[in-house]
Amino acid sequence: MNEALNDTVPERAVDTLVQATVEDLTRRFGDRCSELLVQRVARRQEIANGRLERLESTTNMRDSKWAVDPIPESLLERRVEMIGGANRSELINGLNAGAKSYIADLWNFTAQDRWSLKRAHKSLRGAAKRSLAYLDPKEGRVRINPNSPTRLMVAPRPLYVYESSVQVDGEPVPAGIFDLVSFMLSSGPGLAERQGGVFLYLRDIQGHLEARLWANLIAAMEEQLALPRGTVRATIMIDSIPGALEAEEILFEMTHHAAGLSLDPQGYAADHIALFHGSGHPVFPDREAIGMNAPFLRALSLNLIGICHRRGCHAIGAPSFVLPALDITNAKAEYLEMLSDKEREAVDGHDGTLVVHEDMVNASMVEFNKSMPRAHQMSYQRTDVISPQALVEAPTGPITVESLKSILRTALRSLVPKEGKGWVIQGGRVHDRSSLLLAMRLLWQWNHDDRGSITATNLPVKESLITFMLRKEAEKMYDPSDTVLKKNVQRAMAYVVELATGATPPML
């Protein structure tokens, strides 16, 4: 096992070790993972049927006095963290951007084809050793600043996603296990020495038993690498309503490995539509109307701050997806609203926030510096009483043609094959997997509900309108003379219609 600790071990040897370890952990924990995914379906159905409440069986966890293990000194300040993809240039730019951390997201920001993921893991090995470089047409050779204090963090794929390159008993293994093992064996010990710990973001944890499974997986890797308990610290991204209802219990299960909680507002909004739709539930408005001041997102934000500070860990704010203004003297309203969000996060008590563009690091840092003079705000205790009902109070607003166009353009840009990136730019915003998921679920809800009509004209958003507008937008966006591109666009258009008209909310 000492081979994994040596930076000179050949890549093939590391791959062999990764496969053997993934197979071992899958045999030990794979059945439990499958059981929990089945239990998740039942829990979600209960919530959808109206049982919107915190678990009675975990009351003692919520009412008892406890705290997670003390946050490592090397992780105490997290003022601004940048999140993005895991290809070579993204890692280099992210680690050079001046943020406190760069989060290489293997799910929301990374293309999911096998080649892109393989390159991502290889690039992570180089990034962990600060040995990555690439050739820029204008700037020449660009490399990671060896003196950069920015931490490298990784967000593995969720456990419900599968990695087909490794199989156990003829079945693909959970992708989250594969990503954790690959990152830990190739980079864990080196990062523990260089940055004082191995730091993760975990997505799609929808209950405390799922958090316990992740804690067991992390503990197994620490033991295998002879790392002290708590070397690996994870920030859990709350992106589902079941996860929000069990946020405190999730931290309890991650006691030795918890760094804090964050939130994915677009993923959370998309989950709301998946759980609450049809007669008796409101229809969501434009994406642009679902900001951080929407009732359910505001409640979620305040709830997470209260939980985190009560339990001794960080509350990290939501990612900002609006691109920076080229001319700061003529900034768009969306950019100014985003800065207001960062200011509000700091005033509310968050210990840091997320950005997706390097030019937003300093602007966000300024907003936090104004309200957070110390490294964090964990001593600030909020006393808000947030009910389960407050966590699902739906936003209100119009449905507009412009938003519908934006959704269709986002879908086309995301679904037409592109080289190596898991995100797109549309309408002055970065769109990741959560953004696409929210877009498609809005489209699905509008199509399936009689109230899903353009507010100004009462025009129903049905299959015929979606198909017509897709064709019009595609004609504006793509060159019709490129036959290969044309076929890819047609496939994407057909897929959008399939998702929007399907019987159940879209999954991506």
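The values are calculated or read from the model by the stated rules, or taken from the named source; none is laboratory data. In this text the structure is predicted, and so the values were computed from the model without any measurement. Note that each Cβ is placed from the backbone with ideal geometry, even for glycine, and that neighbours are counted across all protein chains shown.
Residue-wise test of (1) at pLDDT below 95; (2) among the polar types (S, T, N, Q).
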position: 402; (1), (2): no, no
position: 411; (1), (2): no, no
position: 418; (1), (2): yes, no
position: 442; (1), (2): no, no
position: 457; (1), (2): no, yes
position: 462; (1), (2): no, no
position: 473; (1), (2): no, no
position: 505; (1), (2): no, no
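Look through segment 475-493, keep the residues that are touching a helix residue (DSSP H, G or I) at 6+ places or on another chain (Cβ under 9 Å) and among the aliphatic types (A, V, I, L, M), and return whichever of them is farthest from residue 411 (Cα to Cα).
477
Restricting attention to helices (runs of 4 or more DSSP H) lying wholly within segment 1-97, give those where 3 or more residues are modelled with pLDDT of 95 or more and under 30 Å from residue 362 (Cα atoms).
The qualifying helices (runs of 4 or more DSSP H) are 88-95.
Could you grab me the full set of residues in segment 35-90 that are of a type in the set (Lys, Arg) and either under 23 Å from residue 193 (Cα atoms) or not assigned by TED's automatic domain parsing to the domain that holds residue 211 (or both)?
Answer for segment 35-90, where residues must be of a type in the set (Lys, Arg) and either under 23 Å from residue 193 (Cα atoms) or not assigned by TED's automatic domain parsing to the domain that holds residue 211 (or both): 78, 79, 88.
From the residues in segment 125-165 that are in a strand (DSSP E or B) and in contact with an Asp or Glu (Cβ under 7 Å, 6 or more places away or on another chain), which one is nearest to residue 73 (Cα to Cα)? Let's see the steps before the verdict.
Going through segment 125-165, the residues in a strand (DSSP E or B) turn out to be 133-136, 140-143, 151-155, 162-165.
Applying the additional criterion that residues be in contact with an Asp or Glu (Cβ under 7 Å, 6 or more places away or on another chain) yields 142, 155.
Numbers: 142: 31, 155: 21 Å.
Ranking the qualifying residues of segment 125-165, first place goes to 155.
Which is in contact (Cβ under 8 Å) with a residue 24 or more places away in the chain and of a type in the set (Asp, Glu), of 479, 432, 450? Step through it out loud before you land on a result.
Values: 479 fails: in contact (Cβ under 8 Å) with a residue 24 or more places away in the chain; 450 fails: in contact (Cβ under 8 Å) with a residue 24 or more places away in the chain.
On inspection, the qualifying residue turns out to be 432.
Aliphatic (A, V, I, L, M) and within 21 Å of residue 275 (Cα to Cα), is that true of residue 37?
Criteria met by residue 37.
Looking at 360, 372 in this structure, which one is under 23 Å from the mean Cα position of the chain (by Cα) and under 25 Å from residue 95 (Cα atoms)?
Checking each option against the conditions leaves just 360.
Scan segment 105-146 residue by residue and report those that are acidic (Asp, Glu) and either touching a Gly at 6+ places or on another chain (Cβ under 6 Å) or more than 30 Å from residue 238 (Cβ to Cβ) (or both). Break it down stepwise before answering.
At the first step, the residues of segment 105-146 found to be acidic (Asp, Glu) are 105, 113, 136, 139.
Listed by number, the residues that qualify are 136, 139.
Hey, among 98, 85, which residue is closer than 27 Å to residue 508 by Cβ and in contact (Cβ under 8 Å) with a residue 12 or more places away in the chain?
It is 85.
Conditions (1) outside the structural domain of residue 176 (by TED's automatic domain parsing); (2) in contact (Cβ under 8 Å) with a residue 24 or more places away in the chain; (3) small (Gly, Ala, Ser); (4) not in a helix (DSSP H, G or I), marked per residue:
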| residue | (1), (2), (3), (4) |
| --- | --- |
| 230 | no, yes, yes, yes |
| 234 | no, yes, yes, yes |
| 256 | no, yes, no, yes |
| 279 | no, no, yes, yes |
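Within segment 236-253, work out how many residues are assigned to a loop (DSSP other than H, G, I, E, B) and small (Gly, Ala, Ser). Working first, answer last.
Initial filter on segment 236-253 (assigned to a loop (DSSP other than H, G, I, E, B)): 239-240, 246.
Still in the running and small (Gly, Ala, Ser): 240.
Count: 1.
Look at residue 309 and say whether it is buried (at least 16 other Cβ atoms within 10 Å of the Cβ), touching a helix residue (DSSP H, G or I) at 6+ places or on another chain (Cβ under 9 Å), within 24 Å of residue 65 (Cβ to Cβ) and not hydrophobic (A, V, I, L, M, F, W, C).
When the stated conditions are applied, residue 309 does not pass them.
Being of a type in the set (D, E, K, R) and touching a Lys or Arg at 6+ places or on another chain (Cβ under 7 Å) narrows it down to one residue among 125, 119, 78, 40; which is it? Explain how you work it out, then say what you get.
Details: 125 fails: touching a Lys or Arg at 6+ places or on another chain (Cβ under 7 Å); 119 fails: touching a Lys or Arg at 6+ places or on another chain (Cβ under 7 Å); 40 fails: touching a Lys or Arg at 6+ places or on another chain (Cβ under 7 Å).
Just a single option satisfies the conditions, and that option is 78.
Would you pick out the residues in segment 329-347 that are within 25 Å of residue 73 (Cβ to Cβ) and not hydrophobic (A, V, I, L, M, F, W, C)?
Just the residues of segment 329-347 that are within 25 Å of residue 73 (Cβ to Cβ), to begin with: 345-346.
Scanning segment 329-347 gives a single hit, 345.
Identify the single condition in (1) in contact (Cβ under 8 Å) with a residue 60 or more places away in the chain; (2) within 30 Å of residue 438 (Cα to Cα) that residue 202 does not satisfy, given that it satisfies every other one.
Unmet for residue 202, out of (1) in contact (Cβ under 8 Å) with a residue 60 or more places away in the chain; (2) within 30 Å of residue 438 (Cα to Cα): (1).
Which of (1) polar (S, T, N, Q); (2) more than 26 Å from residue 273 (Cα to Cα); (3) in contact (Cβ under 8 Å) with a residue 40 or more places away in the chain is the odd one out, the single condition residue 303 does not satisfy?
(2)
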